[in-house]
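The values are calculated or read from the model by the stated rules, or taken from the named source; none is laboratory data. Bear in mind the structure is a predicted one, so any value in this text is a computation, not a measurement. With ideal geometry, Cβ positions are generated from the backbone for all residues, glycine too; neighbour counts draw on all protein chains shown. Side chains are part of the model used for accessible areas, which takes the heavy atoms of the whole protein and leaves out ligands, DNA and RNA. Shrake-Rupley method; radii C 1.70, N 1.55, O 1.52, S 1.80 Å.
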Amino acid sequence: MEDHHNYQDRHPDQFKPHELFDVIIIGSGIAGSTFAIRISQLLDSYGSTFKKVLMIEEKSKNHGTFKVGESLPSETKPVLQSLGIFEMVNNDTNLEKHLYCYGNKSAWGSNNINGTDSIFNPYGHGFHLDRSLFEETLLKTIELRYGQIVKIIRGFSVTDLYFNFDDNCVKNEKCWEVTISKCSNLNNNVCEAQNKIYGKILVDASGRRCCIRKCVPSLKRYSFDKLLAFACLFETACLNGLKDNDHYTLVESCRYGWFQTSQLPNNQRIVIFFTDDDLVKQLPQRIRIVDKFCDFLRENTSYVDKILKNFDYTPLKNRVMCMAANSDMLSEFASIQNHWIAIGDSAISFDPLSSQGIMKNYINLNIHSEKSEKKSIDKQDNAEIQPIEVYQHKMKEILKNYRKEKKYFYCKEQRWSDEVFWTRRHTEEL
Ligand SMILES: Cc1cc2nc3c(=O)[nH]c(=O)nc-3n(C[C@H](O)[C@H](O)[C@H](O)COP(=O)(O)OP(=O)(O)OC[C@H]3O[C@@H](n4cnc5c(N)ncnc54)[C@H](O)[C@@H]3O)c2cc1C
């Protein structure tokens with residue numbers, strides 16, 4: 001079998017300075033890569049004006065890096081098939097580079113544990129992914145199958161965006177001037193080697209960073225909560241052949257928030273604790289320190305703690321990763337006048353309780369990869385503005401339904417209803 005894991009870093013010799021692309025995609029996460037594949041498939045099937053696509057990713061590599069977000073529900077299998085990656089993901093799972101997931105368990109609302117087994121699901125098992133490898137598989141698929149249409153630049157950040165008339169645009173039309181830079185530390189703005197490229201349409205797939213917001217002053221980002229995630233990796237030496245045989249995603253609530261754990265490849269397991277940003281200081285332990293995180297976990301869980309003990313897990317690194325995990329959304333998801341669209345977490349990010357961020361990305365992408373939606377962006381014709389409105393409407397519907405469902409699930413936990421974390425969620429206005 002062909003090895004698809006040695007994907008090389010890409011450098012901007014992929015384009016000429018000031019080159020004009022039909023579409024520029026910022027970010028090669030799941031949303032950006034899926035969009036790139038879909039747009040190429042549309043070209044294959046129907047023909048399209050999107051013949052030159054550029055995807056820019058600031059990370060220079062996925063391989064050997066860790067990314068949170070491992071659970072992929074079985075319902076995504078048809079989507080993986082339509083993207084042409086199902087076989088690769090399945091082969092990698094047979095080689096234990098990803099793992100099968102046989103259902104969900106939750107200790108939520110009572111001391112008992114409840115579960116759903118994948119055997120009763122028509123789609124069967126889901127996956128516990130090596131997320132970086134999964135994203136690399138998407139990139140490799142783009143390179144191998146659609147390399148004529150989509151160019152990928154890695155290791156360069158989009159540092160500036162500007163929509164205006166320019167000599168590099170099509171005559172008398174506005175386009176996006178995109179500045180890309182080599183940054184050693186984006187937060188400190190240590191960026192050099194700037195290049196400018198141009199795009200007729202901009203796709204913001206930059207995740208929660210949401211690049212488009214910085215250059216469209218009217219855009220707002222609405223946050224519905226302050227959820228933060230603290231993630232710690234564990235490993236087991238599998239002494240005496242004792243191998244972790246728990247292939248479920250487990251969530252367990254506690255007074256201060258909730259925990260989630262899944263097994264990962266290479267005898268590893270991730271444990272994530274979720275609580276609100278402003279409540280962290282009030283926790284009895286300083287959970288950013290690994291030992292304290294472990295003490296906190298021991299004191300506040302039964303089932304998560306039991307799995308770690310049963311299989312002799314110890315912390316893998318001396319680090320607890322901390323990241324935003326709140327639900328939020330952009331005030332607009334696309335603009336036909338200004339030729340941009342936001343997808344994935346950049347448009348809406350979900351509380352990870354459902355472990356469906358990836359799945360919801362696919363649903364969102366299906367909405368705007370329908371031919372009618374594509375046409376409306378393509379032709380910039382006022383008469384065809386309706387599909388973008390449909391996209392905006394459907395995205396809002398997805399969020400509205402998700403928030404209702406989320407509130408329902410949080411309300412099922414009443415044991416600590418006087419604790420701030422839970423009161424907030426029980427009384428959230430929808
Ligand atoms: C703690 C936690 C656990 C989660 N667990 C799950 C789970 O188990 N299952 C699940 O389905 N979902 C999960 N999610 C949600 C899921 O990870 C996201 O929905 C998904 O990653 C969104 O994909 P994306 O492509 O929109 O954004 P991202 O994955 O964030 O990708 C954005 C990409 O853009 C790049 N980028 C950003 N800015 C720039 C720039 N200026 N220039 C160039 N490149 C740039 C980034 O490097 C990145 O590669 C979880 C989320 C959190 C916070």
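Considering the stretch 335-371, the residues that are touching a Lys or Arg at 6+ places or on another chain (Cβ under 7 Å) and modelled with pLDDT of 90 or more include one that is farthest from residue 131 (Cα to Cα), namely 339.
Condition check for residue 144 on (1) within 25 Å of the chain's Cα centre (by Cα); (2) of a type in the set (A, V, I, L, M, F, W, C); (3) outside the structural domain of residue 21 (by TED's automatic domain parsing): one failure, at (3). Could you say whether any residue in the stretch 23-34 is within 14 Å of the ligand (Cβ to nearest atom), in a strand (DSSP E or B) and in contact with a helix residue (DSSP H, G or I) (Cβ under 6 Å, 6 or more places away or on another chain)? Yes, because at least one residue in the stretch 23-34 is within 14 Å of the ligand (Cβ to nearest atom), in a strand (DSSP E or B) and in contact with a helix residue (DSSP H, G or I) (Cβ under 6 Å, 6 or more places away or on another chain).
When the stretch 251-283 is filtered for residues that are in contact with a Phe, Trp or Tyr (Cβ under 7 Å, 6 or more places away or on another chain), away from the ligand (no atom under 14 Å from the Cβ) and free of Cβ contacts under 8 Å to residues at least 60 places away in the same chain, the ones remaining, listed by number, are 268, 283. Among the residues of the stretch 185-204, is any surrounded by 17 or more Cβ atoms within 10 Å (Cβ to Cβ), aliphatic (A, V, I, L, M), within 13 Å of the ligand (Cβ to nearest atom) and assigned to a helix (DSSP H, G or I)? No, the stretch 185-204 has no match at all.
Entry remark, the stretch 8-51: residues being at pLDDT below 90, open to solvent by less than 20 Å² (accessible area, probe 1.4 Å) and in contact with an Asp or Glu (Cβ under 8 Å, 6 or more places away or on another chain) number 2 in total.
Across the stretch 205-227, the qualifying residues are those that are within 9 Å of the ligand (Cβ to nearest atom) and of a type in the set (A, V, I, L, M, F, W, C), and the one among them that is surrounded by the most Cβ atoms within 10 Å (Cβ to Cβ) is 205.
Of the residues making up the stretch 262-294, those that are touching a strand residue (DSSP E or B) at 6+ places or on another chain (Cβ under 6 Å), open to solvent by less than 80 Å² (accessible area, probe 1.4 Å) and assigned to a helix (DSSP H, G or I) are 290, 293. The residues of the stretch 131-146 that are within 28 Å of residue 304 (Cα to Cα) and in contact with a Phe, Trp or Tyr (Cβ under 9 Å, 6 or more places away or on another chain), listed by number, are 131, 132, 134. If you check residue 182 against the conditions, is it of a type in the set (Lys, Arg), in a strand (DSSP E or B) and either touching a residue at least 12 places away in the same chain (Cβ under 8 Å) or more than 15 Å from the ligand (Cβ to nearest atom) (or both)? Answer is yes for this residue. Of all the listed residues (168, 164), the sole one being in contact with a Phe, Trp or Tyr (Cβ under 7 Å, 6 or more places away or on another chain), open to solvent by 30 Å² or more (accessible area, probe 1.4 Å) and at pLDDT below 95 is 168.
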